[in-house]
1. Quick one: how many residues across the stretch 2-21 are of a type outside the set (D, E, K, R) and over 24 Å from I131 (Cβ atoms)?
2. Return yes when Y89 is open to solvent by 80 Å² or more (accessible area, probe 1.4 Å), under 27 Å from N60 (Cβ atoms) and touching a residue at least 40 places away in the same chain (Cβ under 8 Å) and no when it is not.
3. Across the stretch 58-90, what is the total count of residues that are within 21 Å of N30 (Cβ to Cβ) and over 16 Å from the mean Cα position of the chain (by Cα)?
4. Filter the stretch 115-148 for residues that are farther than 19 Å from P50 by Cβ, in contact with a Phe, Trp or Tyr (Cβ under 7 Å, 6 or more places away or on another chain) and modelled with pLDDT of 85 or more and give the result.
5. Would you check if there is a residue in the stretch 111-124 being touching a residue at least 40 places away in the same chain (Cβ under 8 Å) and in contact with a Lys or Arg (Cβ under 9 Å, 6 or more places away or on another chain)?
6. Could you tell me whether the stretch 67-90 includes any residue that is among the aromatic types (F, W, Y) and out of contact with any strand residue (DSSP E or B) (no Cβ under 7 Å at 6 or more places or on another chain)?
7. Residues to consider are V43, V52; find the one that is surrounded by fewer than 18 Cβ atoms within 10 Å (Cβ to Cβ), of a type in the set (A, V, I, L, M) and without any contact (Cβ under 8 Å) to a residue 40 or more places away in the chain.
8. Specify which of the listed residues (I123, I140) is in contact with a strand residue (DSSP E or B) (Cβ under 6 Å, 6 or more places away or on another chain) and either over 18 Å from I28 (Cα atoms) or among the polar types (S, T, N, Q) (or both).
Amino acid sequence: IHTIRTYCDGRLSTTVYPGCQFRFDVSIENYTLSRNVMLGFVVKDNLDRPFVALNNHHLNIEFNTDGAPDFGLSYKMGCFPFSGNGRLYIDLYFGDGITDYEVLRNAFHLELQPANFYHSAAIPDQNLNMIVLNDVTGEIKLSGVLKY
């Protein structure tokens, strides 16, 4: 793993907020793999507790380099799902699904910036709401008839 770049809403940044369009790019010098390339990531809090651990096979994404010695890989999140104050740390795992050729613990970090993701008068407690739920709706049923 050569370089890592992080983007929030298309801008190069290590500061993110809930709901932003997030992307991270990893450039890799590769002398081993041409097929079955796997890049995994683990998102952790400042106490080293993992929130999520995924790789491209979990996401049904196939990375094949066709023998290229250098290449880049990207992951995108259309709606950044984490909230709160503080920092998130990301571990990276590069390998072939059987062997990890390189593991970078705390490969990069993200500064969380609070935001009113739900666009309401009451922002949820940042210490209790570390995951943002997208597309949550509610309804009320009066006299057996649904009102929207």
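The values are calculated or read from the model by the stated rules, or taken from the named source; none is laboratory data. Values in this document were obtained by computation on a predicted structure and should not be read as measured data. We place every Cβ from the backbone using ideal geometry, glycine too, and count neighbours over all the protein chains shown. Heads up: the accessible areas ignore ligands, DNA and RNA and are worked out on the full protein's heavy atoms, side chains in. Shrake-Rupley method; radii C 1.70, N 1.55, O 1.52, S 1.80 Å.
1. Going residue by residue through the stretch 2-21, those that are of a type outside the set (D, E, K, R) are 2-4, 6-8, 10, 12-21.
Checking which are over 24 Å from I131 (Cβ atoms) leaves us with 2-3, 12.
Selection size over the stretch 2-21: 3.
2. Details: open to solvent by 80 Å² or more (accessible area, probe 1.4 Å): no; under 27 Å from N60 (Cβ atoms): yes; touching a residue at least 40 places away in the same chain (Cβ under 8 Å): yes.
No, not satisfied.
3. 11
4. Listed by number, the list holds a single entry, A115.
5. Here is the first cut: in the stretch 111-124, the ones touching a residue at least 40 places away in the same chain (Cβ under 8 Å) are 111-115, 117, 124.
Those still in the list that are in contact with a Lys or Arg (Cβ under 9 Å, 6 or more places away or on another chain) too: 111-112.
Checking the stretch 111-124: at least one residue is touching a residue at least 40 places away in the same chain (Cβ under 8 Å) and in contact with a Lys or Arg (Cβ under 9 Å, 6 or more places away or on another chain).
6. No, that holds for no residue.
7. On the way: V43 fails: without any contact (Cβ under 8 Å) to a residue 40 or more places away in the chain.
Result: V52 is the single residue among V43, V52 that is surrounded by fewer than 18 Cβ atoms within 10 Å (Cβ to Cβ), of a type in the set (A, V, I, L, M) and without any contact (Cβ under 8 Å) to a residue 40 or more places away in the chain.
8. Details: I123 fails: in contact with a strand residue (DSSP E or B) (Cβ under 6 Å, 6 or more places away or on another chain).
After ruling out the rest, the residue left standing is I140.
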